[in-house]
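Below is one structure, written out as structure tokens, with a few remarks after it.
Rule-based calculations on the coordinates, nothing more; no lab input. In this text the structure is predicted, and so the values were computed from the model without any measurement. When we count neighbours, we look across all protein chains shown, and the Cβ atoms used for this are built from the backbone with ideal geometry, even at glycine.
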Amino acid sequence: MKLSDIAARLQCELAGDGEVEITGVAGMEHAGPSELTFLANPRYAHKVKETRAAAILAAEPIRGQAIACLVSANPYLDFARALELFYRPPRPAPGVHPAAAVAASAKVGEGAFIGAFTVVGENVTIGRNAVLHPHVVIYEGASIGDDFCAHSHAVVREFCRIGHRVTLQNGVVVGGDGFGFALRKDGTHYKIVQSGVTVIEDDVEIQTLTSVDRATVGETRVKRGAKIDSLVQVGHACVVGEDNIICAQTGLAGSSILGRSVLLAGQVGVSGHLTIHDRAVVYAQSGVGGDVDAGATISGSPAFDAAVWRRAVAAFSKLPELVKTVRELKKRVETPAAPPDSTT
């Protein structure tokens, strides 16, 4: 595809030779002489002179370099759009594999594909153009919208509700039992029936081996546009807000409420029964034990303001030296002064 054609498709300004043939896209370090790359962060501008790419997506024309440029207001987003010009994941043709088990009472929309060894339970409703790869299991009474995609070994449990354009990657469990047990006098545990459901709204994607538990009563809800990474635990009765980003190995204890556009970096732990308000950012490996204000950026365990945390971390390695200094000063203060010389 000519670079000029790509510029037109992406609605980017072209600076340089538009006749260059582009065969694919790649990162700056790995791009070859017929590939398109991108520069999203100005800190990496010095690497442009080292790339072998034929052209680059950037926020402004590249000065002093013999490389064609597509000028974009959002180079990273347009790089993602350019990828789609060269690669689309394979989509199976509509139909039900003979080795699939689909209940007679299930309703499956037109254009759906149901793969081998997939199970669709009684009274399930699935919208149009769904793709259920092999070994997917949809339990009784689940309701799923249009353009749903579930990769192998994904599970949607009984009576859960899923909106339109939702993607479940391999091994995701939607609506598994919440972790609820009542303690008996003898120290044993009595299982609490998890009678609630999990609701996944439109345009949500959940990555591999993540669990979104059903509620004890009521519902667990993941709101529109949220993106949840691999190996995340969303506990019972949690609410994940619109357009949230939750990174890998994060855990939300029960009844955690996340507002709109919250970002939780990797390995964040949320203690539950608290609210993280709109646009808050929580740094990696933080432990959140209380409510977080809207727009706040926090870090540490227990987490607090990230700017203060950075200063504290910078001082942490100096604590032994500081303690030594304090002890020496304390000795000086506590040591009585020598009496004046009486002979003078």
| request: Counting other Cβ atoms within 10 Å, keep those with at most 15, restrict to DSSP loop, and tell me which GluC sites (Glu not before Pro) in region 5-37 are left. | output: Glu19, Glu29
| Distance from the Cα centre of region 2-26 to that of region 119-163, in angstrom? | 40
| task | Write down the Kirkwood hydrodynamic radius of region 3-86, to one decimal in angstroms, obtained as one divided by the mean of 1/r over all alpha carbon pairs. | result | 12.2
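Where the eigenvalues come from the Cα gyration tensor of region 153-240, what are the semi-axes √(5λ) of the equivalent ellipsoid, largest first, in whole Å?
In descending order, the three semi-axes are 26, 13, 10 Å.
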| field | Net lengthening on full extension, Ala116/Leu83 (0.36 nm per residue, minus Cα-Cα) | value | 8.9 nm
| query | Per the Kirkwood formula on distinct C-alpha pairs, the Rh of region 101-219 is how many angstrom? | reply | 14.5
| note | Shape call for region 53-116, from the Cα gyration tensor axes a ≥ b ≥ c (a/c under 1.5 means rounded, otherwise prolate when a/b beats b/c, else oblate), comes out prolate
| note | quick shape note, the chain: Cα extents on principal axes in Å, largest first -> 112, 77, 30
| field | Selected from Thr23, His135, Gly111, residue furthest toward positive end of dipole (the chain; charges at beta carbon) | value | His135
| note | Out of Ile56, Ile206, Ile298, a Gaussian network model of the chain with alpha-carbon springs under 10 Å gives the largest mean-square fluctuation to Ile56
| request: Take the chain, connect every pair of alpha-carbon atoms lying under 10 Å apart with a spring to form a Gaussian network, then pick out the residue of Arg88, Arg63, Arg128 with the largest mean-square fluctuation. | output: Arg63
| Highest-MSF residue in the chain out of Gly18, Gly235, Gly109 [GNM, Cα springs under 10 Å] | Gly18
| Antiparallel bridge percentage (DSSP; both residues within the chain; nearest 5) | 10
| said: Give me the percent relative contact order of region 174-315, please, defined on Cα pairs under 8 angstrom at least 6 residues apart. | reply: 13
| query | With N residues in region 218-324, what two-decimal value do you get for its Cα radius of gyration over 2.2 N^0.38 Å? | reply | 1.14
| Over the chain, what relative contact order in percent results from Cα pairs under 8 Å that are six or more residues apart? | 6
| note | Expressed in angstrom, Rg and Dmax over the Cα atoms of region 264-330 are 15.2, 48
